[in-house]
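Working notes, structure below.
The values are calculated or read from the model by the stated rules, or taken from the named source; none is laboratory data. Bear in mind that the values here come from a model prediction, so they are computed numbers and not experimental data. Cβ: placed from backbone, ideal geometry, glycine included. Neighbour counts: every protein chain shown.
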Amino acid sequence: MAGDGKKGFHPASISLVRAEEFDGHRNFFAAYAGIACSRRCTAGKLWPANQPMIAMPSAAKRLSFAKPFSALLALATFSCMAADLTVVVKGKGKGEYFLALHDTTDSWMTGKRPFRLESGTYQDGIGINIKDVPAGEYAVSLFIDENGNKALDKYPIGLPREPYGFSRDAFGWFGPPGFKDAAFELRTPAMSTTINLR
């Protein structure tokens, strides 16, 4: 508790302010940090009527907290924003690429529609830019359609006949890799990942 003499605080450095003054600050957090506190940040709930005064560090103390708070605020802000993901694909292949961005195991190699689908003409080293992707966990699967039939051709035993690959270069011994094997965390406004074709 502030003012109890613990390290970092001193009674002389504490300024008291009325709790209701902080009710207006909830809009700052809701707008910039994505914190849904409209239902919680009320003087009546956070600060009961029988405790109308709360202790806050002095201006000098608040400045010392600015840097870590700014980093936390930036992280919270990004969690509510969209990012650009670039998938760089390397390896031999000729034709149209088909890329699937998955955000759940439900669509991973099941035939269900993934979070995002991208296609275009393939060339070695191409960078496929996927815009407006929310922060989260994703996995990418991709193949090169060399004969133009819009499908990944396979041998009778089930192995792919056309170039293919997965994020993190995930590999499965007796079938495709699992979602977690290929998954990565998107936590920055711009991120790049590389797939080497097999």
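Residues in region 110-144 that are loosely packed, with under 14 Cβ neighbours inside 10 Å and among the charged types (D, E, K, R) were compared, and the one that is nearest to PRO163 (Cα to Cα) is ASP124. Per the conditions (1) at pLDDT below 95; (2) within 28 Å of the chain's Cα centre (by Cα); (3) exposed (fewer than 11 other Cβ atoms within 10 Å of the Cβ), the sole criterion not satisfied by THR188 is (3). In this structure, ILE144 does not qualify as of a type in the set (Val, Ile, Thr), more than 24 Å from the chain's Cα centre (by Cα) and in a loop (DSSP other than H, G, I, E, B). Please find, within region 136-161, the residue that is farthest from LYS180 (Cα to Cα) out of those that are of a type in the set (A, V, I, L, M) and modelled with pLDDT under 95. Residue satisfying both the conditions and the ranking: ILE157.
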